[in-house]
Structures are given as C-alpha cells and as structure tokens.
Amino acid sequence: MVDTKLFYRNVEDIAGSLLLVSDGEFLIEIRFNNNENITDSDIPILLETEKQLRQYFVGERQIFNIPLKPIGTNFQLSVWNELKRIPYGETISYQQLAERVGDKKKSRAVGNANGKNPIPIIIPCHRVIRKSGELGGFGGGIKIKRKLLELEQKFKK
C-alpha cells in the first residue's frame, strides 16, 4: 500500500475546533473537537475549504464546491452521496434516508453509515434526524448539530 502524505488545517468556528484533512488534491476528512498539535498547511484545497466553511457559518454559502474523497464501503458511499442531496435547511429521518438508498428496513445500517461520515457539514449528516423529530447522534455532539440546523433555518432562502 502506498503511503499518502496528508495535509492538515485547524479551523475554529461555531462548530468548535475542526481539523481539515487533505491528500493534497481532495478533502478527505473533517474532525471535530480537535486537540491535536498539528502544523497548519496552506495548500489551496485546505484554504478554500476553510473559506467556504467560514462563508457557510455566516450564511453566505449554502452549497459547497470542494473536491471530496470520503473513504468508506460502497454502502457508506451510497449513503453519503444521498446526504448531499438533502437541501440546505431541511431534514429527513433515518428511515427516509434508508428508503432513498433502496431499503427502508436498513434504517439502523443507514444510521451507522451516517455516523461514520468522514466529512461532516460539507456532507450534511446533521440534516438527518429521528422519525420522532429528536435530533439523534452527531460526531460533533448534539449541541453542534442543533447549532448547524438553527443556522441553516436562519439563513434559508
């Protein structure tokens, strides 16, 4: 296996401390609650990701235009691709997401794939909630999920 060099950039914003991770060409991960002591890289994709995230956090951007390369199974990739189709400011249930990927009985599997999304916010896993309307889990914590959903409601056009 070829060892790929990774590049990192720390971003502080309403979502807390984020670590952006790139292979130099694609964004491959966003980590929440980052406390790693990593030197920031100024490569173009990380600078552009930071710029677009900052625009999103102040309501100036609803759609991201970043080359992504999430790493996962074929099923996870199908779930993550479907997440990108959820419109800004809207939510769907895990069951609805399961139906969209082909099997409404796979709500739990869809929930697990959603929870393993390596590029949250840009691949908007925060837009998936429980059928009851409760928020459910989120890698950055429920508080951040609520903030993201409230932000989108505030700036929804």
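The values are calculated or read from the model by the stated rules, or taken from the named source; none is laboratory data. Bear in mind that the values here come from a model prediction, so they are computed numbers and not experimental data. When we count neighbours, we look across all protein chains shown, and the Cβ atoms used for this are built from the backbone with ideal geometry, even at glycine.
Data for the structure
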{"item": "Helices (runs of 4 or more DSSP H) contained in region 39-144 and holding at least 2 residues within 24 Å of S22 (Cβ to Cβ)", "result": "44-57, 74-83, 107-115"}
{"item": "Of all residues in region 85-137 being touching a strand residue (DSSP E or B) at 6+ places or on another chain (Cβ under 9 Å) and of a type in the set (K, R), the one that is nearest to E152 (Cα to Cα)", "result": "R127"}
{"item": "Test set (1) out of contact with any Asp or Glu (no Cβ under 7 Å at 6 or more places or on another chain); (2) within 30 Å of G89 (Cβ to Cβ) - K5 fails condition number", "result": "(2)"}
{"item": "Qualifying position, being among the aliphatic types (A, V, I, L, M) and within 19 Å of K147 (Cβ to Cβ), among V128, V79, V110", "result": "V128"}
{"item": "Conditions (1) within 15 Å of the chain's Cα centre (by Cα); (2) surrounded by fewer than 19 Cβ atoms within 10 Å (Cβ to Cβ); (3) within 25 Å of F26 (Cα to Cα); number of the one not met by V79", "result": "(2)"}
{"item": "Single residue of D103, D42 found to be closer than 28 Å to L6 by Cα, more than 15 Å from the chain's Cα centre (by Cα) and not aliphatic (A, V, I, L, M)", "result": "D42"}
{"item": "Which listed residue, of K84, K157, K131, is surrounded by fewer than 18 Cβ atoms within 10 Å (Cβ to Cβ) and touching a Ser or Thr at 6+ places or on another chain (Cβ under 8 Å)", "result": "K131"}
{"item": "Checking I30 against (1) within 18 Å of the chain's Cα centre (by Cα); (2) in the same structural domain as L149 (by TED's automatic domain parsing), the condition it does not meet", "result": "(2)"}
{"item": "Residues of region 12-25 satisfying the condition of being part of a strand (DSSP E or B) and either among the polar types (S, T, N, Q) or modelled with pLDDT under 90 (or both)", "result": "E12, D13, G16, S17, S22"}
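Matching residues to (1) buried (at least 18 other Cβ atoms within 10 Å of the Cβ); (2) in contact (Cβ under 8 Å) with a residue 12 or more places away in the chain:
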| position | (1), (2) |
| --- | --- |
| L6 | no, yes |
| D13 | no, yes |
| S17 | no, yes |
| V21 | yes, yes |
| N37 | no, no |
